[in-house]
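**Q** Pasting a structure below so you can have a look.
The values are calculated or read from the model by the stated rules, or taken from the named source; none is laboratory data. Keep in mind that what you see is a predicted model, and the values were worked out from it rather than measured. Please note: Cβ atoms are built from the backbone with ideal geometry, for glycine as well, and neighbour counts cover all protein chains shown.
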Amino acid sequence: MKLFWRSLAAVVLLLIVAGLGFYRFPLWANDQVLRFGLWRQGVRSDYVTVGGERLHYFEAGPASGTPLLLVHGLGARGEDWGRLLPGLAARGFHVYAPDLLGYGRSAAPDVSYSISLEEQVIVGFMYAMHLTRPDVGGWSMGGWIAMKLALDHPEMVDRLVVYDSAGVYFEAASASEVFTPIDVAGVRKLVGVLSPRPMNLPDFVARDVVRRNGAIAWVIHRSVAAMMGGRDLMDFRLQGITRPTLVMWGSRDDLIPLATGETIHQRIAGSSMAVVEGCGHLAPSECWQPVLEGTVDFLRAEPAPRGARRVFPAQP
């Protein structure tokens with residue numbers, strides 16, 4: 001009987017400690033669940049050295065699959081592709097989703113974090129992984145990097161997909177302030193900008209978002225400062241993209257409006273346009289089913305679509 005009570009006390013104590021740990025670091029706990037789920041679905045996590053710096057990346061899909069490289073956005077990481085990775089792998093793509101320099105589990109050296117620098121990192125990653133002419137997808141800032149890659153190194157890109165992409169000038173609030181909230185109200189503002197149906201985050205979760213984002217705030221500030229400098233803007237270069245391109249956008253994106261997507265579509269000759277009704281800036285995550293369908297259809301079509309337009313209805 002004493003053994004029973006001691007065992008029960010140990011279990012209760014363990015639950016209390018786990019509960020306190022979750023309350024203090026809920027994002028860490030969520031990450032463990034997310035990464036375990038990806039691992040269960042065959043998504044591998046690994047590291048590679050690029051330019052002397054350690055980069056983390058996810059990889060999934062058959063070895064003989066069509067290579068597809070995914071580039072995340074500002075303040076994001078490879079995990080943000082988590083809803084799409086298993087689906088793309090199941091449809092025969094060999095997918096790579098690196099953490100950009102300064103983000104996720106990659107190294108964060110004292111550098112500029114400009115679009116040009118991150119493009120060089122992606123080129124180095126492609127060489128390190130022996131990627132020959134993969135399809136390339138980019139989300140938000142990652143779309144800017146992907147478009148610049150297609151312009152500077154067209155021989156390294158087969159087809160291009162950009163989701164709610166930055167890269168051309170538009171009137172916007174300061175991304176540094178939006179993406180680096182310093183209090184619970186700031187977190188709620190960020191969530192509201194990113195999604196038309198924002199989650200109601202408990203205060204303890206919002207505080208953990210402040211803590212985590214604060215750790216990379218200096219990287220985000222440098223990225224935004226470099227972008228705002230205008231040197232890498234694509235406005236007068238988009239017409240030079242010759243690779244088959246799909247521009248995919250959430251119709252209710254409040255961070256980078258749909259009008260920006262239409263501008264990119266108009267300036268890339270022969271590009272196709274897909275709009276996901278009712279979705280915001282987080283379309284590849286919150287509306288992943290139509291995004292997956294549209295992406296696969298475009299990348300698998302023979303010949304590559306030119307000038308097509310498609311609208312996906314709002315999800316319930």
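**Q** Taking the condition of being small (Gly, Ala, Ser) and either more than 22 Å from TYR47 (Cβ to Cβ) or touching a helix residue (DSSP H, G or I) at 6+ places or on another chain (Cβ under 8 Å) (or both), how many residues in the range 118-145 meet it?
**A** Final tally of qualifying residues: 4.
**Q** Another one. I'd like the full set of residues that are out of contact with any strand residue (DSSP E or B) (no Cβ under 6 Å at 6 or more places or on another chain), touching a residue at least 60 places away in the same chain (Cβ under 8 Å) and in a loop (DSSP other than H, G, I, E, B), limited to the range 134-155.
**A** Selection gives SER140 alone.
**Q** Considering each of ALA217, ALA185, ALA172, ALA226 in turn, give the residue that is over 20 Å from SER285 (Cα atoms) and modelled with pLDDT under 90.
**A** ALA172
**Q** In the range 90-115, what residues are buried (at least 21 other Cβ atoms within 10 Å of the Cβ), among the aliphatic types (A, V, I, L, M) and touching a residue at least 40 places away in the same chain (Cβ under 8 Å)?
**A** Residues satisfying the conditions are ALA97, LEU100, LEU101, ILE115.
Rundown of residues vs (1) in a helix (DSSP H, G or I); (2) closer than 18 Å to VAL123 by Cα; (3) not hydrophobic (A, V, I, L, M, F, W, C), yes/no style:
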| residue | (1), (2), (3) |
| --- | --- |
| ILE182 | no, no, no |
| VAL187 | yes, no, no |
| ASP208 | yes, no, yes |
| ALA226 | yes, no, no |
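**Q** Mind checking whether some residue in the range 48-58 is in a loop (DSSP other than H, G, I, E, B), surrounded by fewer than 17 Cβ atoms within 10 Å (Cβ to Cβ) and at negative phi?
**A** No, the range 48-58 contains no residue that is in a loop (DSSP other than H, G, I, E, B), surrounded by fewer than 17 Cβ atoms within 10 Å (Cβ to Cβ) and at negative phi.
Listed here are the residues, each with its yes/no results for (1) closer than 21 Å to MET156 by Cβ; (2) crowded, with 18+ Cβ neighbours inside 10 Å.
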site	(1), (2)
HIS221	no, no
ALA259	no, no
ILE264	yes, yes
VAL275	no, yes
GLY280	no, yes
PRO303	yes, no
ALA314	no, no
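**Q** Does the range 77-102 hold any residues that are under 16 Å from GLY51 (Cα atoms), outside any strand (DSSP E or B) and not acidic (Asp, Glu), and which are they?
**A** LEU100, LEU101, GLY102
**Q** Six or more apart or on different chains, Cβ under 7 Å: which pairs go from a residue in the range 196-221 that's under 17 Å from ALA185 (Cβ atoms) to one that's assigned to a loop (DSSP other than H, G, I, E, B) and among the aromatic types (Phe, Trp, Tyr)? Could you list them?
**A** Close Cβ pairs (under 7 Å, with a partner that is assigned to a loop (DSSP other than H, G, I, E, B) and among the aromatic types (Phe, Trp, Tyr)) amount to ASP208/PHE25.
**Q** For the structure I just gave you, tell me whether LEU160 is free of Cβ contacts under 8 Å to residues at least 60 places away in the same chain and buried (at least 24 other Cβ atoms within 10 Å of the Cβ).
**A** No: the conditions fail for LEU160.
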